[in-house]
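Taken together, the values in this text are just the output of simple stated rules run on the coordinates, not laboratory data. Nothing here was measured: the structure is a model prediction, and the numbers come from that model. In this analysis, Cβ positions are derived from the backbone assuming ideal geometry, glycine residues included, and neighbour counts consider all displayed protein chains.
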Amino acid sequence: MSTYHARAIVLRRETWRDAARLYTLYTREGGKLLAVGRGTRKVLSKLGPHLEPFTLVDLHLARGRKLDTLCGAIMARSPEPLVADDRRYVAASFVAEALDHFVKLGERDEELWRLVESWYADAAVLPEDRLMPRLSVFVWRLLSHLGYHPKLEACCECGKDLRYEHSRFLPARGSAACRLCPLDERALAGAETLDGQAHAEILAVLEGAAKMPLHHATIRSSLALLESQLDRPLTCLPLVRVHLAPARATLEARLAF
Ligand SMILES: [Zn+2]
């Protein structure tokens, strides 16, 4: 039986046959993969405690005909700070659910690995008021990396340059429009008004130049774009929006000074 090593973030676990669990993992070596952990539901399981959701873990796996099996696991970063705090837990769960939704099995992708690994590392230590801006950066980059890079520089209807202007972000189209062009209801689903600063901020985030956006519209637009690309709802998305609300006053206060 051939075996291999992989570094992974545990995205999800579910009950499997007997005392086993089925794990959804995002790995540096092989992208998203499923693996069975035998005996991991037993109280004295040696593997189980290293495989809690959001753990960064070094794995030893055996290839199977249908599913690989976990032979060994050593925790590299504890998920404890993410699990102990409600807002961090919601954000971490949302990212795991989004990755499971958008990413196909078995496609190695080093850039995506760095994006995912650095998000979980940051989410564990960032001050609470930085969590949602950081999550928004992750969402913009994830979607852009997966091919949903929005076109924001010019109005999608009349071609007018939108920099330094008020505009409308249209998640359903993955583009933006000026304030004057008429649009139908479908194009306007989930639309977000952007002032010149928020518009510039989104462009900077997409270029990798802005690491901590301040505009609430930047954050809301990232979630709206993600939602527009879903083919089924994500359980954690409404929770993220609810937990985002208290941050609004802080963000706007910071912008006012
Ligand atoms: Zn226009």
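See the values below:
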| read-out | value |
| --- | --- |
| Residue pairs meeting the criteria (Cβ under 9 Å; at least 6 apart or on separate chains; first among the polar types (S, T, N, Q), in the range 155-169; second more than 7 Å from the ligand (Cβ to nearest atom) and assigned to a loop (DSSP other than H, G, I, E, B)) | Ser167/Arg179; Ser167/Asp195 |
| Candidates Leu115, Leu135, Leu183, Leu142 - the one that is assigned to a loop (DSSP other than H, G, I, E, B) and in contact with a Leu (Cβ under 9 Å, 6 or more places away or on another chain) | Leu183 |
| Complete set of residues in the range 37-67 that are under 21 Å from the mean Cα position of the chain (by Cα) and not in a strand (DSSP E or B) | Leu51, Glu52, Pro53, Phe54, Thr55 |
| One residue from Arg41, Arg21 being in contact (Cβ under 8 Å) with a residue 24 or more places away in the chain, among the basic types (Lys, Arg) and crowded, with 17+ Cβ neighbours inside 10 Å | Arg21 |
| Qualifying residues in the range 155-171 (those that are near the ligand (Cβ under 9 Å from one of its atoms), closer than 17 Å to Leu225 by Cβ and not polar (S, T, N, Q)) - the one surrounded by the most Cβ atoms within 10 Å (Cβ to Cβ) | Leu162 |
| Check on Leu152, buried (at least 20 other Cβ atoms within 10 Å of the Cβ), in contact (Cβ under 8 Å) with a residue 12 or more places away in the chain and under 16 Å from Glu207 (Cα atoms) | yes |
| Total residues in the range 198-219, condition over 14 Å from the mean Cα position of the chain (by Cα), in contact (Cβ under 8 Å) with a residue 24 or more places away in the chain and in a helix (DSSP H, G or I) | 9 |
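Each row is one residue, and each column tells you yes or no for (1) more than 14 Å from the ligand (Cβ to nearest atom); (2) in contact (Cβ under 8 Å) with a residue 24 or more places away in the chain; (3) surrounded by 14 or more Cβ atoms within 10 Å (Cβ to Cβ); (4) farther than 30 Å from Pro127 by Cβ.
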residue: Arg173; (1), (2), (3), (4): no, no, yes, yes
residue: Arg186; (1), (2), (3), (4): yes, no, no, yes
residue: Glu192; (1), (2), (3), (4): yes, yes, yes, no
residue: Leu234; (1), (2), (3), (4): yes, yes, yes, no
